[in-house]
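Engineer: The following block contains the structure, expressed as structure tokens.
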Amino acid sequence: RVHGDNPLSYPHLKPSSMEHLKDWRVAAGVAAVGGLAIAGWNMCKKIHMGRAIFSKKWFSEFGVMWPGQAMCLEIDEVLFKGRSKFQDIMVFKSTTYGTVLVLDGVIQCTERDECAYQEMMAHLPLFAHPKPEKVLVIGGGDGGVLREIARHPGVKEIHICELDQMVIDVSKKYLGQLAQGYNDPRVKVFIQDGFAFMEKYTNTYDVVIVDSSDPVGPADVLFKEPFYMAMAGALRAGGMACTQGECMWLHQETITEVMRFSKKHFKSVDYAHISIPTYPSGTIGALVLSKGPDAKNPARTPDAKM
């Protein structure tokens, strides 16, 4: 409780004690300012790395694609930290969202809300197709999209092309809820660049799902017209595709541009909105593209078992 510097505010203290009190208050003020400066310096260093952990208890997601904002999660335990040939990989157990997968400082999925993204990415194109039998996933190394595709008994082959083997290995060890998708016997894994893989196939797949990271670094090519042209070529007649479509609150220019050139190669192009708390601004999009009927009128519906 602060009384001011008037000695009358401390009638029980002698003048000599008052001098000590003043010295103590000055020292406390200096210590507080110094502490804030040190904390600020440490925070800046970690923000520059693309993520921040406050007091070793908080993870904060800073990124060039969502300037001026960050998603924070309280850390219960860090389960894995490492670097593959391509990126930094971190897995931690949070206090409220379960286990969290982070690539290059960006949250990829959490156990609590991953279903919102995986289900939309998989089921929108699959139910829009009358008879999907052969499906390709580009990216999606955590296995969540595979899990959802495997719910469709009519699908005969599921191929996944993931660039980073370590993402698959880490997901199988720490994210079994998602990685159970790899247990389906219809799944075949290819470890290589997704764009190069798809260019080799023509008129091969009924559905292509692109579960990519943001258009920064190696993933940037997945948001360019040549990739969408190759994807259209890899699809059979009437084929469907679904790609990670970014956030409508943050990336309108990117979304507009991708939709513009996609219309050259697909009969219909639609944007679906997904609500998911741990993605920037609490939303993410899915671009649903078709060489036949659009996805607004599903060709099939889930059965009671699904």
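Engineer: Determine whether region 183-195 contains at least one residue that is assigned to a helix (DSSP H, G or I), at pLDDT below 95 and touching a Leu at 6+ places or on another chain (Cβ under 8 Å). Talk me through it step by step, then tell me what you get.
Structural biologist: Step one: list which residues in region 183-195 are assigned to a helix (DSSP H, G or I), which gives 183, 194-195.
Narrowing the set further to residues that are at pLDDT below 95 leaves 194-195.
If we keep only those that are touching a Leu at 6+ places or on another chain (Cβ under 8 Å) too, we end up with 194-195.
Yes: one or more hits.
Engineer: Of these, A295, A219, which one is outside any strand (DSSP E or B), open to solvent by less than 50 Å² (accessible area, probe 1.4 Å) and more than 18 Å from F127 (Cα to Cα)? Please lay out each step first, then the result.
Structural biologist: Details: A295 fails: more than 18 Å from F127 (Cα to Cα).
When all the criteria are applied, what remains is A219.
Engineer: Ok, one more. So which of L250, L235 ends up being of a type in the set (A, V, I, L, M) and farther than 23 Å from E148 by Cβ? Break it down stepwise before answering.
Structural biologist: Values: L235 fails: farther than 23 Å from E148 by Cβ.
Only one candidate qualifies: L250.
Engineer: Then there is this: Return the residues of region 124-157 that are in a loop (DSSP other than H, G, I, E, B), touching a residue at least 40 places away in the same chain (Cβ under 8 Å) and within 16 Å of F197 (Cα to Cα); say none if nothing qualifies.
Structural biologist: If the condition is that a residue be in a loop (DSSP other than H, G, I, E, B), touching a residue at least 40 places away in the same chain (Cβ under 8 Å) and within 16 Å of F197 (Cα to Cα), then G140 is the only one that fits.
Engineer: Moving on to the next point. Contact list please: Cβ distance under 6 Å, first residue in region 158-174 and modelled with pLDDT under 95, second residue open to solvent by 10 Å² or more (accessible area, probe 1.4 Å) and part of a helix (DSSP H, G or I), pairs at least six apart or on different chains.
Structural biologist: Hits for this filter: zero, empty list.
Engineer: Please enumerate the residues belonging to region 240-288 that are among the hydrophobic types (A, V, I, L, M, F, W, C) and in contact with a Leu (Cβ under 9 Å, 6 or more places away or on another chain).
Structural biologist: The initial filter retains those residues of region 240-288 that are among the hydrophobic types (A, V, I, L, M, F, W, C), namely 240-242, 247-250, 255, 258-259, 261, 266, 269, 272, 274, 276, 284, 286-288.
Answer for region 240-288, where residues must be among the hydrophobic types (A, V, I, L, M, F, W, C) and in contact with a Leu (Cβ under 9 Å, 6 or more places away or on another chain): M240, A241, C242, I255, V258, M259, F266, V269, A272, A286, V288.
Engineer: Follow-up question, since we're still on this one. Return the residue satisfying two criteria in turn: it lies in region 252-269 and is within 18 Å of L124 (Cα to Cα) and open to solvent by 30 Å² or more (accessible area, probe 1.4 Å), and of such residues it is farthest from the chain's Cα centre (by Cα).
Structural biologist: K267
Engineer: Considering only region 56-100, how many residues are open to solvent by 30 Å² or more (accessible area, probe 1.4 Å) and on the phi > 0 side of the Ramachandran plot?
Structural biologist: Counting residues in region 56-100 that are open to solvent by 30 Å² or more (accessible area, probe 1.4 Å) and on the phi > 0 side of the Ramachandran plot gives 2.
Engineer: Looking at this structure, is T110 of a type in the set (S, T, Y) and open to solvent by less than 10 Å² (accessible area, probe 1.4 Å)?
Structural biologist: Details: of a type in the set (S, T, Y): yes; open to solvent by less than 10 Å² (accessible area, probe 1.4 Å): yes.
Against the criterion (of a type in the set (S, T, Y) and open to solvent by less than 10 Å² (accessible area, probe 1.4 Å)), T110 qualifies.
Engineer: Follow-up question, since we're still on this one. Within region 123-141, track down each residue that is over 16 Å from the mean Cα position of the chain (by Cα) and among the small types (G, A, S).
Structural biologist: The answer is A128, and nothing else.
Engineer: Could I ask something else about it? Quick test of your reading of the structure: E157 fulfils all but one of (1) of a type in the set (D, E); (2) open to solvent by 40 Å² or more (accessible area, probe 1.4 Å); (3) touching a helix residue (DSSP H, G or I) at 6+ places or on another chain (Cβ under 6 Å). Name the failing condition by number.
Structural biologist: It is condition (3) that E157 fails.
Engineer: Only one of (1) closer than 25 Å to R147 by Cα; (2) out of contact with any helix residue (DSSP H, G or I) (no Cβ under 8 Å at 6 or more places or on another chain); (3) surrounded by 15 or more Cβ atoms within 10 Å (Cβ to Cβ) fails for A286. Which number is that?
Structural biologist: (2)
Engineer: Looking at the structure I just gave you, is V187 β-branched (V, I, T), touching a residue at least 60 places away in the same chain (Cβ under 8 Å) and surrounded by 17 or more Cβ atoms within 10 Å (Cβ to Cβ)? Full working, then the answer.
Structural biologist: Working: β-branched (V, I, T): yes; touching a residue at least 60 places away in the same chain (Cβ under 8 Å): no; surrounded by 17 or more Cβ atoms within 10 Å (Cβ to Cβ): yes.
So V187 does not fit the description; no.
Engineer: If we keep just the residues of region 201-245 that are charged (D, E, K, R) and in contact (Cβ under 8 Å) with a residue 24 or more places away in the chain, which is farthest from P280 (Cα to Cα)?
Structural biologist: Here is the first cut: in region 201-245, the residues charged (D, E, K, R) are 206, 211, 214, 220, 224-225, 236.
With in contact (Cβ under 8 Å) with a residue 24 or more places away in the chain added as a condition, the list becomes 206, 211, 214, 225, 236.
Details: D206: 31, D211: 16, D214: 11, E225: 25, R236: 34 Å.
In this case the residue turns out to be R236.
Engineer: Continuing with the same structure: Just checking, which of F80, F92 is closer than 16 Å to T278 by Cα, at pLDDT 90 or above, part of a strand (DSSP E or B) and hydrophobic (A, V, I, L, M, F, W, C)?
Structural biologist: On the way: F80 fails: closer than 16 Å to T278 by Cα.
Just a single option satisfies the conditions, and that option is F92.
Engineer: Could you list all residues from region 271-306 that are within 19 Å of R236 (Cα to Cα) and in contact with a strand residue (DSSP E or B) (Cβ under 7 Å, 6 or more places away or on another chain)? Steps first, answer last, please.
Structural biologist: Taking region 271-306 as the starting set, the residues that turn out to be within 19 Å of R236 (Cα to Cα) are 287-295, 298-300.
Answer for region 271-306, where residues must be within 19 Å of R236 (Cα to Cα) and in contact with a strand residue (DSSP E or B) (Cβ under 7 Å, 6 or more places away or on another chain): L287, V288, L289, S290, K291, G292, D294, A295.
Engineer: Filter region 273-282 for residues that are part of a strand (DSSP E or B) and buried (at least 17 other Cβ atoms within 10 Å of the Cβ) and give the result.
Structural biologist: Step one: filter region 273-282 for residues part of a strand (DSSP E or B), giving 273-275.
Result: I274, single match.
The values are calculated or read from the model by the stated rules, or taken from the named source; none is laboratory data. Quick caveat: nothing in here was measured; it's all calculated off a predicted structure. FYI the Cβ positions are ideal-geometry reconstructions off the backbone, even for glycines, and counts take in every protein chain you see. Calculation scope for accessible area: heavy atoms of the full protein, side chains included, ligands and nucleic acids excluded. Shrake-Rupley method; radii C 1.70, N 1.55, O 1.52, S 1.80 Å.
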